[in-house]
Amino acid sequence: MASVELSNIRKSYGALEVIHGVSLSIEDGEFVALVGPSGAGKSSILAALRRAAGYSGAASYGGIEIAALDPAGWLAWAGQQPGLISGTVAANVALGDTRPDAALVARALRLACADEIHPEKELGVQGAGLSGGQAQRVAVARAFYRHLRKAASVIALDEPSAALDAETEARLWASVRELADAGATVLLVSHRESARAIADQIVTVTVSEVMA
């Protein structure tokens with residue numbers, strides 16, 4: 001049985017259909033890269049996993065309809081907006097954990113190529129005090145931490161390298177591959193050609209495939 005299954009997913013904005021009957025199957029422990037140009041609808045497809053409103057079609061995890069599940073119970077997510085809060089970097093990485101594990105926080109930051117940021121660094125509203133690229137990496141570290149803490153088996157990353165240089169991107173891809181090799185189910189959304197080299201399955205989305 002597939003870990004994640006999307007079947008005939010559609011999404012419209014008024015009369016404009018931006019996802020046109022997309023189906024996707026991800027096996028448990030598989031690493032899938034959803035690639036294609038900006039604006040092709042990759043992020044819209046990924047939003048279906050988070051029970052976003054306005055989608056039609058079937059979406060399931062472990063054979064159970066996603067609509068009946070709390071995403072926090074199975075999906076570790078890092079979107080294009082970091083969504084950081086006031087507080088320490090460590091508090092942001094371990095968000096929602098009532099007993100944070102400092103060693104796992106440090107490991108998650110390392111895997112997210114954010115180990116130059118001290119875990120006790122205080123952040124302002126929306127992550128003030130970090131650069132855009134740093135904030136993005138802290139958000140990725142949060143997703144990694146949730147998986148490492150065994151709170152979520154699936155890691156979903158939406159354009160995690162958008163603000164990174166090529167060297168840092170390569171390090172991040174190596175980290176994602178490391179987690180996948182250790183058993184994580186991964187769905188990576190990216191428009192970068194480099195994402196293709198690290199995935200088990202590549203799904204290419206083009207504008208013509210998602211436009212009505």
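The values are calculated or read from the model by the stated rules, or taken from the named source; none is laboratory data. These figures come from a predicted structure and were not determined experimentally. Cβ: placed from backbone, ideal geometry, glycine included. Neighbour counts: every protein chain shown. Only protein heavy atoms, including side chains, enter the accessible area calculation; ligands, DNA and RNA are left aside. Shrake-Rupley method; radii C 1.70, N 1.55, O 1.52, S 1.80 Å.
With the charge dipole of the chain set up from +1 on Lys and Arg Cβ and -1 on Asp and Glu Cβ about the Cα centre, the Cα lying farthest toward the positive end among the listed residues I26, N8, A68 is that of A68.
Between the alpha-carbon centres of the stretch 69-145 and the stretch 8-66 there is a gap of 25 Å. When the chain is described by a simple charge dipole with +1 on each Lys and Arg Cβ and -1 on each Asp and Glu Cβ, the residue from S194, A128, S175 located farthest towards its positive end is A128.
Solvent-accessible area per residue in the stretch 122-212 equals 42 Å², computed with a 1.4 angstrom probe and all protein chains kept. Normalising the average separation of contacting C-alpha pairs (under 8 angstrom, six or more residues apart) by the number of residues puts the relative contact order of the chain at 33 percent. For the chain, the dipole from Cβ point charges (+1 on Lys and Arg, -1 on Asp and Glu) about the Cα centre works out to 340 debye, to the nearest 20. Ligands, DNA and RNA left out, the accessible area of the chain computed with a 1.4 Å probe is 53% carbon and sulfur.
Computed from these coordinates, which is Cα extents along the principal axes in Å: [x] 65, 37, 27; [y] 48, 34, 33; [z] 49, 38, 32? Correct label is [y].
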